[in-house]
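As structure tokens, the structure follows; a few thoughts come after it.
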Amino acid sequence: MWVSRRWLLRKVVRFSSSSAALFVLLLSIILSASRPANALPAFARKYGLRCSACHESWPMLNYFGQKFKDNGYQLMNDRDSPVWQNPSYWPVTFRITPIWHRLSTNENVDVYSTVNGVSTVTGNSIQRITSTGFDLSGLDFHTGGTLNKNVSFYVLPSSDPTGAFHFEQVFGRLDNVLGSSWLNIKLGRFELDNLLSEKRILTLTGNGGVYQTYHFIPVGDANIFGQIGDNQFGLEYMGHSADDRTRISASLLSSNDGNVGLTLGANSYNGFFAGSQAFDAGKLGVQRLGFYVMAGEAATYYRTSGGIPIPGSGIDNKGFSREGFVGQFYLGQHFDLQVVTQHGSDSAWFGQGYGNAVATDGNGGTTCVGNPGTNGCPVDNTPGTTLPSNARNPTWNGATFEAHYVYSPQLIFIGRYEFERVSQQATVGTASNLGNIDNYVIGFRYNPFMTSRAGWAYHNEFNVFKQTGTGPVNPATGLPTNLTVSELLLGFDFDF
Amino acid sequence: MGKKLGKWSLWVGVAAFFALPLTSWAQLTVEDLHKTLDTTQAHVGNLTGHAKDGAAAYRRYCVGCHGELGDGNGENAEWMEPPLFPKPRNFQLGVFKCRSTPSGTLPLDSDLYDSIGRGFDRSMMPPWNTLTNQEKVDLVAWVKHFSPRWAGEKPGDAIKIPDEPAVTPERIKAGREVFAKVQCWKCHGVTGQANGPSASTLTDDLGRPIAPFNFTEGARPKCGSTDRDIYRIFMTGLDGTPMPSYADIIKPDEGWNLVFYLRTLMSQKSVEKEMAKKLDLKPVDPNAPPPAAQ
């Protein structure tokens, strides 16, 4: 017994000292590496600015980067047109993220019993399924810049983790029309004017790599069109002051959640409006307060042929809205807090599962196969349909809090908490907390180098996602449990 | 022979071993530059900037071009090819184009502050107007700490700019006379297109090619685009460039006349341009005898 204790002690001491040594080594590598961070490829090659000039930490923009973007990817130095560039210059950047991934979630697992060599399912139980492995979170080809002075573009073909490609962004923009920074027009498929950009998010996991507040839909609701995090098709007006302290934008969007081919509503649109004002708060930095509103309508009835919805035939539009406040608060040179709130409301028709009867998800999701109401497809609001008497508009409130500690442009620590709370369920009698979400993310990104030709980040992230009542059904009670998903991701995020 | 060579190699090696550290003495190091870090300040309005507080912003926004040592040799500097893209400023020299002070003197803190916020057209220096006022004044202090000039010299006094008179056709015509008299056209061209006979030969004080300002292409003048800014530019000159100060040659009132005439050359719409059109004002004749001799 004494021997084994000593052995154990020695083992613990050895492990502790080697772990401590490894920790100190890693920390010293991280903190002592002070090589300069340079600009990233597409625009860095053109302008020679360091990445830190535009990015809080790549890809998240800082105020200067936001102004650069608002100017149509122009420094406004009278040298923005490509005619001033070396002819060999082409504004393209490849981004890819190979990772190691651990995913853990609760599932309803069949329980087998074997009698006389024959296995049969005798029941089920809720178990934790944990998978680990090497993975790839996608591949992006970014190309953007100016076609001429005050004419800019962006094209972003992107693959999902399966390698299937789609166009994330494709737009052309007329900048500073009539010489005014208050008149910029964009046409195409683009990210909405969200100050806290989901497309420049610093995290990569399934639930942590998106902002829940930007995509929340109550359980059973079939309105996919109000997701402000998804790139949308439309026309955007944007205006800003010369120093970008004041920003406004208004977009007219098709209610198709970014789908191509006019497959959805025959005539359904929505609008997205955003405005913000920044203030100089001395040594604290620049503070920004803003708002956004997304409001419009989308089809609930797709005319059918042989019972199958006809693409592009959606009518009987119903309304929806999302609105909230945005805050960007800086506390000195290293710490900032970004806040987005949302109040959402959908028509009772959406709440009862009417809506997009053609495609379940327009942004890389699967197309609905089968008749409405079958195979998980949304139901179709065919003539004569009436709402149940206990149906009402689902409403909810949510918020995202994301904090950053920027040790240097090369090392950033990220912490995020999000909550979504349904304030009124679509059907009277539904559990009031069904579908509520709590989401936690922590992580850091360290760029040992970022040259004007390439960038490389070690990316480490942990995410816990909880949703009330959407987990597997408890066999003992017959009631759905709470869903809990945790995800650990370690990997590289590089571009060139 | 082989033995001798070996002996020589040994001595050369020993000499090099001792000489190498000596060479580094001759070079300015970060430590040398940072000697004045704690004491260098800048004052603009009610704001006081401290050099050490400007370090983080400098490293985030400026160091890629201006370099760790402020010598204008950041890693991107070598890709900037003058005159199309001027090289970044060498702060160690303490010589600045945009000043409100007489030629050869140090600029005011507010001059550097304005330069940071305004940026320089036709260069890789954008307007850093998204920074806070405090960040800009801290950066001014940081920029100052690179040059020993600030330790031993005081900035010059801002030149006096008289109130701007009302623009008249007579003043525009008089301004054309000034343009001819001081031979602005030699560099800027008779139509202001930066195609004067000397334009292609111009170099800055460091021997790099430099282009005169083209009034016609719609760009902003480097040191500001208001009438007062333009007046200030030719009265103070742009130190380090072939653009001299004309404060001794052009009288204050003539200065305003020249500003009005220069407006007629610019592509932007202006009252002066309208008046020049009505006057049917022709470009100056480089072969005409100097006005004084007429």
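Here are some notes:
- Residues whose placed amide H lies under 5 Å from that of A:GLY312, excluding near-sequence neighbours: A:LEU264
- Legend: ranking of residues A:PHE494, A:PHE272 from fewest to most surrounding C-beta atoms inside 10 Å; resulting order A:PHE494, A:PHE272.
- 3J(HN,Hα) along the stretch A:348-356, derived from phi through the Karplus expression 6.51 cos²θ - 1.76 cosθ + 1.60 where θ = phi - 60°, amounts to 4, 5, 4, x, 8, x, 7, x, 7 Hz, with x in place of Gly and Pro.
- Overall size of the stretch B:50-165 from C-alpha positions, given as principal axis extents largest first: 44, 33, 28 Å.
- Built amide H within the under 5 Å cut-off of A:VAL286, gap 5+: A:ALA281
- Distance in nm between pseudo-label sites at A:VAL92 and B:ASP285 (7 Å out along the Cβ direction from Cα): 5.8 nm
- Tensor-based shape of the stretch B:112-203 (alpha-carbon gyration tensor, a/c under 1.5 rounded, otherwise prolate or oblate): prolate
- Projected over all directions and averaged, the alpha-carbon convex hull of chain B occupies 21.3 nm².
- From least to most packed, judged by other beta carbons within 10 angstrom and beginning with the fewest, A:GLU168, A:GLU487, B:GLU78 follow the order B:GLU78, A:GLU487, A:GLU168.
- Summing +1 for each Lys or Arg and -1 for each Asp or Glu among the other residues whose beta-carbon sits under 12 angstrom from that of B:ALA288 gives +1.
- Once the Cα atoms are used to define both axes, helix B:133-144 deviates from the longest principal axis of chain B by about 60 degrees.
- The modelled label-to-label distance between A:PHE291 and B:ASP32, using points 7 Å beyond Cα along the C-beta direction, is 5.9 nm.
- Convex hull (Cα only) mean projected area of chain A, reported in nm² to one decimal: 31.4 nm²
- Value of relative contact order over chain A, rounded to a whole percent, pairs C-alpha under 8 Å and six or more apart: 15 percent
- Degrees between helix B:252-265 axis and first principal axis of chain B (Cα, 0 to 90, nearest 10): 90 degrees
- Packing-based order for A:112-119, B:149-156, A:259-266, using average beta carbon neighbours within 10 Å, highest first: A:259-266, B:149-156, A:112-119
- For the stretch A:59-76, the Karplus equation 6.51 cos²θ - 1.76 cosθ + 1.60, evaluated at θ = phi - 60°, returns couplings of x, 5, 7, 9, 4, 5, x, 5, 5, 4, 5, 5, 7, x, 6, 10, 7, 6 Hz by residue, with Gly and Pro reported as x.
- Karplus (6.51, -1.76, 1.60) ³J(HN,Hα), θ = phi - 60°, over the stretch B:32-42, in Hz, Gly and Pro reported as x: 4, 5, 7, 4, 9, 4, 6, 9, 7, 10, 9
- Too-long pairs where the Cα-Cα distance tops 31 Å, listed order kept, from A:LYS67/B:LYS144; A:LYS46/A:LYS186; A:LYS67/B:LYS52; B:LYS87/B:LYS251; B:LYS154/B:LYS181; B:LYS136/B:LYS273: B:LYS87/B:LYS251; B:LYS154/B:LYS181; B:LYS136/B:LYS273
- Chain B: relative contact order as a whole-number percent, Cα under 8 Å and 6+ apart: 18 percent
- Neighbourhood charge, 10 Å Cβ-Cβ cut-off, centred on A:LYS149 and excluding it, Lys, Arg +1 and Asp, Glu -1: -2
- Ranked for footprinting exposure by Cβ neighbours inside 10 Å, fewest first, A:ILE248, B:ILE249 give B:ILE249, A:ILE248.
- Cross-link partners for B:LYS186 among the aspartates and glutamates, with Cα-Cα distance under 12 Å and sequence neighbours closer than 8 places in the same chain left out: B:ASP285.
- C-alpha long axis of helix B:2-26 to longest principal axis of chain B, angle in °: 50 degrees
- Size of the stretch B:169-293 as Cα extents on the principal axes (Å, biggest first): 43, 33, 26
- Average other protein chain Cβ within 10 Å of Cβ, residues B:71-78: 3
- Database note for chain B: Cys without another Cys beta carbon under 4.7 angstrom, B:CYS62, B:CYS65, B:CYS184, B:CYS187.
- Fully extending the segment from A:GLN127 to A:ILE308, taken as 0.36 nm per residue of separation minus the present Cα-Cα distance, adds 61.3 nm.
- For A:PHE401 and B:THR168, the FRET efficiency from 1/(1 + (r/R0)^6), where r spans their Cβ atoms and R0 equals 45 Å, is about 0.15.
- Extension gain, A:GLU107 back to A:HIS166 (0.36 nm per residue minus Cα-Cα distance, nm): 18.1 nm
- Distance between the 7 Å Cα→Cβ label points at A:ILE185 and A:PHE134: 5.1 nm.
Laboratory data are not the source of any read-out in this text; all were calculated from the coordinates shown. Keep in mind that this is a model prediction, so the values were computed, not measured. Cβ sites come from the backbone with ideal geometry, for glycine too, and all protein chains shown count toward neighbours.
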